[in-house]
Amino acid sequence: MQTKKFVPCIYLYNEHAVKSLTDYSVVETDPFRLIDSYAQYGADEIIVFDLSDNDDLEEAAVNTIKSIVSEADKYNLKVIVGSINSSLNLHHKYIAAGAVKVIINLENSDAIAVLENTADVYGKESCICSYNDAALIEQELDIISGSCDALMLMNPHQIRETIALTNMPMYVQINQIALNKLLEIFAYPSICGVTGNTINDNLEQIDTLKNFCVENDIPIVTLNAEFKWEDFKLNNDGMVPVIVQDYKNGEVLMLAYMNKEAYETTIRTGKMTYYSRSRNELWIKGLTSGHFQYVKHLAGDCDMDTILAKVEQVGAACHTGSRSCFFNEITRKA
């Protein structure tokens, strides 16, 4: 079964994020600002649909996509980009801007030629084919399966028709659906991700849905941990201290503690989670303040009784508002 991804999207028009493929009402004037929220609530990837309908807008969109990719990179989020008018030249610009994959719209008359050209230059792993009707897949199935890495179904009513043709990994765009129905969709083995306004409008529910997936043995994106909690040597409280560093400059930000639940939550969500000894409760760093810490690297020391965490720190690590908790200088040798 494919690992399932929750993938919010940005519908990009005239450098703004708009409501949908057909509704150009502005929802955010600076689309890259959306990335922080997407990361905070557990997005696994980002899809950008470039709705530009002329050359000038396309050039501006490419620059906006660069900003989106740069912001997404802070959280280890990959960006996939598609457009109304697919072309090898445009795909080159998207990939140069940092997109890991491009979406080829099979509704376009020259889509198969564009797909083959893009796959020849960048490899099939860089290509996704989007479509509304599974009949388009059936017509060119051999070329599509040999030239792209995944499918993107824009019409969720065609899931069964697609599965009858191929077991290729498939994203599904869904604009309105009851959240519990997502689990039914994820139960299809070849579905690898859900995107669209159902995800955009329900970001706060992603963690809950991921928990439901885990409870129902549906695989989700998690960090790969080389060590289980049982591999650590615990202190007298049954916990392990965690030294937290800024991954960019090595600055020591704070010291906290993990119990088993905190460790496993950190691995599952990619957000640093601790156990608060003063409050006797699980503590997701940033849940109240917005100053989340996103995992970049975790390592155990030689005795496996301490964890070193290198993180992307949003805002301040310290409750005082200081970037680091270690600001009370004791002494310094000249």
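The values are calculated or read from the model by the stated rules, or taken from the named source; none is laboratory data. Small disclaimer: the values here were computed from a predicted structure and weren't measured. We place every Cβ from the backbone using ideal geometry, glycine too, and count neighbours over all the protein chains shown. For accessibility, only protein heavy atoms count, side chains too; no ligands or nucleic acids. Shrake-Rupley method; radii C 1.70, N 1.55, O 1.52, S 1.80 Å.
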### Message
Of all residues being under 22 Å from the mean Cα position of the chain (by Cα) and at pLDDT 90 or above in segment 301-312, which is surrounded by the fewest Cβ atoms within 10 Å (Cβ to Cβ)? Just the residue, please.
### Response
Lys310
### Residue in segment 195-209 that is closer than 25 Å to Ser87 by Cβ and either touching a residue at least 60 places away in the same chain (Cβ under 8 Å) or hydroxyl-bearing (Ser, Thr, Tyr) (or both) present
yes
### Gly315 vs. criteria open to solvent by less than 10 Å² (accessible area, probe 1.4 Å) and modelled with pLDDT under 90
no
### Query
Among the residues of segment 191-236, which ones are touching a Ser or Thr at 6+ places or on another chain (Cβ under 8 Å) and among the acidic types (Asp, Glu)?
Asp207
### Query
Which one of these does Ala164 not meet: (1) open to solvent by less than 10 Å² (accessible area, probe 1.4 Å); (2) more than 24 Å from Lys78 (Cβ to Cβ)?
(1)
### Task
Run down Ile128, Ile35, Ile103, Ile47 and say which single residue is aliphatic (A, V, I, L, M) and outside any strand (DSSP E or B).
Ile35
### Task
Scan segment 138-153 and give yes if some residue there is open to solvent by 70 Å² or more (accessible area, probe 1.4 Å), closer than 30 Å to Thr273 by Cβ, modelled with pLDDT under 90 and polar (S, T, N, Q), otherwise no.
no
### Query
Can you spot a residue in segment 166-179 that is of a type in the set (Gly, Ala, Ser) and modelled with pLDDT under 85?
yes
## Note on the structure
Pairing a residue in segment 113-140 that is basic (Lys, Arg) with any residue that is open to solvent by 50 Å² or more (accessible area, probe 1.4 Å), where Cβ atoms lie under 6 Å and the two sit 6 or more apart in sequence or on different chains, gives Lys124/Asp149
#### Entry: Of residues in segment 267-285 being within 26 Å of Asn328 (Cβ to Cβ) and without any contact (Cβ under 8 Å) to a residue 12 or more places away in the chain, the one surrounded by the fewest Cβ atoms within 10 Å (Cβ to Cβ)
Ser278
### Query
For Leu298, all conditions in the list (1) open to solvent by 20 Å² or more (accessible area, probe 1.4 Å); (2) over 22 Å from the mean Cα position of the chain (by Cα) hold save one; what is the number of the exception?
(2)
### Every residue from segment 286-299 that is of a type in the set (A, V, I, L, M) and touching a residue at least 24 places away in the same chain (Cβ under 8 Å)
Val295, Leu298
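Residues are listed down the side, and each one gets a yes or a no for (1) over 16 Å from Ala150 (Cα atoms); (2) in contact with a Leu (Cβ under 9 Å, 6 or more places away or on another chain); (3) among the charged types (D, E, K, R):
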position: Asn14; (1), (2), (3): yes, yes, no
position: Thr22; (1), (2), (3): yes, no, no
position: Ile35; (1), (2), (3): yes, yes, no
position: Tyr38; (1), (2), (3): yes, yes, no
position: Ile46; (1), (2), (3): no, yes, no
position: Leu57; (1), (2), (3): yes, yes, no
position: Tyr75; (1), (2), (3): yes, no, no
position: Lys101; (1), (2), (3): no, no, yes
position: Asn108; (1), (2), (3): yes, no, no
### Query
What are the residues in segment 64-100 that are part of a loop (DSSP other than H, G, I, E, B) and either basic (Lys, Arg) or under 25 Å from Gln40 (Cβ atoms) (or both), if any?
Lys74, Tyr75, Asn76, Leu77, Ala97, Gly98, Ala99, Val100
### Query
Got a number for residues in segment 236-266 being of a type outside the set (Asp, Glu), open to solvent by less than 50 Å² (accessible area, probe 1.4 Å) and either closer than 24 Å to Tyr41 by Cα or part of a loop (DSSP other than H, G, I, E, B) (or both)?
16
